[in-house]
1. For the range 10-90, compute Rg over Rh where Rg is the Cα radius of gyration and Rh is the Kirkwood radius from the inverse mean 1/r over Cα pairs.
2. Where does each of GLU608, GLU546 land when they are ranked from fewest to most other beta-carbon atoms within 10 angstrom?
3. Cα axis of helix 825-838 to longest principal axis of the chain: angle in degrees, 0 to 90, nearest 10?
4. Normalised by the empirical 2.2 N^0.38 Å for globular proteins, what value does the Cα Rg of the range 455-496 take?
5. Viscosity 0.692 mPa s, temperature 37 °C: what is the translational diffusion coefficient of the range 378-446 from Stokes-Einstein with a Kirkwood Rh over Cα pairs, rounded to a whole number of µm²/s?
6. For the pairs LYS159/LYS282; LYS197/LYS785; LYS721/LYS799; LYS683/LYS785; LYS197/LYS625; LYS472/LYS576, flag any whose C-alpha to C-alpha distance is greater than 29 Å.
7. Just the number, please: percent antiparallel of the DSSP beta bridges in the chain, rounded to the nearest 5.
8. For the range 740-876, what Kirkwood radius comes out of the mean inverse Cα-Cα distance, in Å?
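Any read-out appearing in this document is the output of simple, stated calculations on the displayed coordinates, not a laboratory observation. Nothing here was measured: the structure is a model prediction, and the numbers come from that model. Positions of Cβ are backbone-derived with ideal geometry, glycine not excepted, and every protein chain shown enters the neighbour counts.
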Amino acid sequence: MEKYEPPVYFGDWLKQRRKILDLTQRELSKRAGCSVFAVRKIEAGDRKPSKQLAALLANALEIPREIQQVFVRAARGEINLGRLPRPSLKPKSSPEEDFSLNSSQFPTYFNPLVGREAELAALARIFDDPQCRLLTLTGMGGIGKTRLAAEFATTQRSKFPGGVFFVPLAPINSPDLIVPAIADVLQLLFSGPSDPKEQLIKHIARHLKQPGLFILDNMEHLLVPTSSQSRKLEPTLLLVEMLHRLPLVKILVTSRERLNLQGEWTYELHGLPAPPPVFLEKFEYYSASILFLQNARRAKADFEITRDDLPALATICEKLEGIPLAIELAATWVTTLSCQEIADEIESNIDFLTTTTRDIPERHRSLRATFDHSWKLLGEEERNVLCQLSIFRGGFDREAAAQIANASLFHLASLVSKSLVRRTDDGRYDLHEVIRQFTLSCFLSEPYNRQVRDHHCQYYLTFVSDRESALKSALQQDALRELTFEIDNIRAAWTWAIERQNYSLIRKAIRSFCWFFETSGLLLEGIEQFELLVVALKDRKRNVEEEKALGQTLAQQSLLIFRKGQFNQAQKLLEKSLLLLRPFDEPALLTDALIFLGVICHLNGDVERSQRFIDEGLVCARASKDEWFTAYAVHNQGYIASLTGRYAEGYKRMMAGIALWRKIGDPHSISLGLNFLTPTLIKLGRFEEAENHIQESLSLSKLSRNRWGTGTAYRYLGLIKLAQGKYQEAQDLLHRSLEFFSGYTEGWDIAISLIYLGTTELELGNLQEAESFYRNALHTALAAKSVPLALEALVGLAKILAQKGEFHTAVQLATFVQNQSTSAQASKDAASQLLAEAEIQLPVDEVQTITAEAKNLSLETIVQVNLAALTRSTAV
């Protein structure tokens, strides 16, 4: 089959479509009611149709009504040609064209790419070589790397049926943020304690079924080591790992410098060709002059180049070395200056351009001269506004621009018209990174810069704190999206607040900032952001405000560490938090630490201590009128009651907690409450109610894209089937649970699912499989330092030993579990039943001896005895 090559220009697309319909140029002109001359000019690329003619051509070419507006805009050069389907307009049907991942949106450009045909062909030729998996497109800032990469991606879709993904890296300031940036393009939300990089690579491996292309745009600022970072992801190593583990992936990087990797191919991008003095009459054949004219006509619709202007035009293109950004900026001034005046302004900066400073590339001086020219022609008010806009990271909206930079809509419109500020498709604004860096250097030299940075900090940390309630309500996903959108500005505000020691402002945002990291799955980043604050406050004399800030920070940081499965470290931080905060006797300060500590204690088997913390936390939550933590405490009171065998009481308390969460509307917490109610309902024999609750939990988790909640729901649905004797269904559901947990969580959740699978295999009579699951569960529980789950796994292994005739060790294990205060009541009940069955097989005096021995054994010893007995029985 002949390979499809997408047309580069609209005229080519038009010609292909005309031929598919078997029309001559004359026949098409008759259909459209225009001249043959007009059709020829459009197909040759010498003319763009008017809106009216484009609409007539759409009908003449039988363009489907639903895409006619797209056709008209593409014909006018207002959007990328890649937005149009193939000229055949046939719907996609073949499996080869069915993407597993959706290609990302590329930057939108209102004018077609000028020139670069040779560069596009070269990139395609290089990537056609199967040996090329990583290509770095290098060149100076403003040379057009991003524009060329986006155009290349548009033309290469057919070669990468798995998808083309454009990842902008300019807004981020740390290599650690590359993984979240790629995840954002893939619409992947991290979940659980596992490494986000690992989650990302596994996600791509799962879903990318055909060759795909990743474009990582503007990486150069992330290649410089930052000694201040305690841990840093080396971006080049990330690329190496992606290429090694994802054989269907190719990567195109744009950067001002090469990556210096063994498997790297490079292509350096230079300026556009400019007309030499001897060929001035042929200026329309040179891309640099075409680009100038294109942008000049956007700035001034009736602009026309005259013969007298040609020398000045050549000078402009030559002095700017064909750099697209520089040419675009120069062209904007045709509204107030002639071509000669623009050339003179650039000429006046020639001394600066020829500076002998060794560490500044010469071509960078041209770009600086262009911007300096634009900068000097701005009014003082516009300069101040543009300077202040440089503080934003990752863009901004009108409200933020007005509040922080005093930028009115008139200011923004004026700066957009001068190509100094860009307006994005979603209505936000941003600065080209080169312009932002230049204006930022000017801004930081201004005496008012600290005041503006204070305003930026106040605005975005208030933005965070104002969304705390929403993050724990039915508006949770909306709040998460809003915060993710502004995360670059929020990070900058957080860092500045720490530097300025504005702890009263920080304290208002601490809780919400933590919940953002928890719900987004960015646990490591959250821990590190809070560590910045901990480092700033520890080992120094603190005032009251600072003491409170440190105590609250430790409590929130501990939650994220706890979610990663590091229970001991989290517990130590919570205990330190309470030590710092108790002297203030403020319930609102104590609630989080008390309840989080209570949860960790009961998961570690210290039920009595857990009860005290949860009860005190409930008192504090009610005193501070915190409904969310009130619900959390009440639900955990019920969970503790069930752990100790008081199932009816536990059911009542957990349902009361869930009712409070329903009132608030938090889907994540409702799902959590319904899931952990299941074991209690099973003990009460209320299977139908349990299954109804789990089905609701599954719906809520899927709606909020809560992978952890979905995995938990499948686990407990499997437990329901297990209790009903439906072992095959239980087995399938539990395996599905582990699939959802894989790469997202570890420790406690994995261990308990493995225990349930062990029990299922045991009921099916598969002793070898059951032993394997129980062993894995035991090791996982011990690694997570969850003693109750380790004891539950030991009961399962004791049952296997009993079936293998190892009654002595089985009785020893069951007795040990029965005597442990950290054993859940369900584990004690199972141990008692096993003892009743096994003791029949042994003499009474031997049972008494075993029971006495078991009282003096440690958990480590009992595990060793158990595994030795299993090994011995397997060998026999």
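1. Using Cα coordinates only, the ratio equals 0.91.
2. Ordered by Cβ neighbours within 10 Å, fewest first: GLU608, GLU546.
3. 50
4. Compactness ratio reported: 1.13.
5. 282
6. LYS159/LYS282; LYS197/LYS625
7. Percent antiparallel among DSSP bridges in the chain is about 10.
8. Its Kirkwood hydrodynamic radius stands at 14.8 Å.
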